[in-house]
1. Give the residue list of chymotrypsin sites (Phe, Trp or Tyr not before Pro) in the range 173-211 that are DSSP loop and have at most 14 other beta-carbon atoms within 10 angstrom.
2. Compute the signed sum of charges (Lys and Arg +1, Asp and Glu -1) over the other residues within less than 12 Å, Cβ to Cβ, of Leu151.
3. Cα axis of helix 244-256 to longest principal axis of the chain: angle in degrees, 0 to 90, nearest 10?
4. Would you mind counting up the charge near Ser92? Only other residues with Cβ under 14 Å from its Cβ, with Lys and Arg at +1 and Asp and Glu at -1.
5. May I ask you to list the chymotrypsin sites (Phe, Trp or Tyr not before Pro) in the range 1-73 that are in a DSSP loop and have at most 15 other Cβ atoms within 10 Å of their Cβ?
6. Taking the alpha-carbon centroid of each part, what is the distance from the range 158-205 to the range 43-98 in angstrom?
7. With each run of n ≥ 4 DSSP H residues scored as -39500 (n - 2.57), what mean residue ellipticity at 222 nm is computed for the chain after dividing by its residue count and rounding to the nearest 500 deg cm²/dmol?
8. Which whole-number value in Å³ per residue fits the convex hull of the alpha carbons of the range 27-86?
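No lab work stands behind these numbers, since they all come straight from the coordinates. A quick note: this is a predicted structure, and the numbers were derived from the prediction, not measured. Backbone-built Cβ (ideal geometry, glycine too); neighbour counts: all protein chains shown.
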Amino acid sequence: MFKNSIKRLFELKGKNAIVTGGTRGIGYQIALDLANKGANVFVWSRNKEVNEKAVKSLPIIHNDQKHTGIVCDLSKTNKLDETINEIKKQVSSFNNGDNKIGILVHSAGITHSELLFKKSSNDNNNYNNNYNSINDNSNEIMTTNLLSPILITQSFLKDMMRLKYGRIIFIGSVVSEMGNRGQTIYSSSKGGLNGFSKSLSKEIGQFNCTSNVISPGFIDTDMSQQYINNELINSIPLKRIGNTKDISKTALFLIESDYITGQNIRVDGGLY
Ligand code: NDP
């Protein structure tokens, strides 16, 4: 009995995980829970100071465990190759396990609410990553939420296939299926993840690699504060806003599962 609980504690010892958006909200909770199971965690975000603080706060539960901060803006795809090569270099130098990334959690994401017919078309014609203003641009949302997760996943696939171990989790959103006024672009980006993950699961399954989406409802983080009100809470069958642990539990469950792939799991208190 005691032996079994120790085994569970160290379940992910020697496994290497990337968590994008791992400094705050849902991603931070997943990074914490992975670290508590013994995994080495690469925490990926934009803000250097916040990143350093998050990495320092992650638990070290065995001597060989190491956590690493990665600062790179996902809305600028021209920086991705360099960052990914750096991660590969670092992980290959670890002396405690797989030496490759086996777990990939895509939690980083941005949103913006605006009715499509009110949106200025100039916002959409600004290619080449030269954005005029933060969170006011369809390109920035699509690149951060959809294109970069696709490119990052692609870069680590061969490593996972060689390892014969891969657990890929995309944090989508229930609005990809339910729809939400003002969120046409955001829900398109999340809907794209659903299709990508489903198809990917059929390509990588034979290598013991899984790909799943978690679709949260409204979760209490910085991102959701603008949407939370009593009317919303009343519309949720479980009568509460979700918390980051609600999502993290599902992420860890999927990471520790061996026979679930191609799924989109709604964790939304029954909202949809
Ligand atoms: P938060 O706003 O709390 O955290 C966002 C995280 O993503 C931060 O770590 C942030 O880093 C990082 N991030 C944002 N943009 C970039 C970028 N361009 N490059 C690198 N890192 C970036 O969000 P949540 O935890 O609430 O959301 C996590 C995911 O869950 C998102 O994909 C979101 O769409 C999805 N979701 C959230 C819901 C909710 O109600 N909260 C509902 C449904 C889905 P930094 O510290 O550098 O800013």
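1. Listed in order of number, the matching sites amount to none.
2. +1
3. The two axes meet at around 50 degrees.
4. Result for the local shell: +3.
5. Listed in order of number, the matching sites are Phe10.
6. Cα centres, the range 158-205 to the range 43-98: 22 Å.
7. It lands at -12000 deg cm²/dmol.
8. Numbers: hull volume 4.8 nm³, N = 60.
Enclosed volume per residue, from the Cα hull, is 80 Å³.
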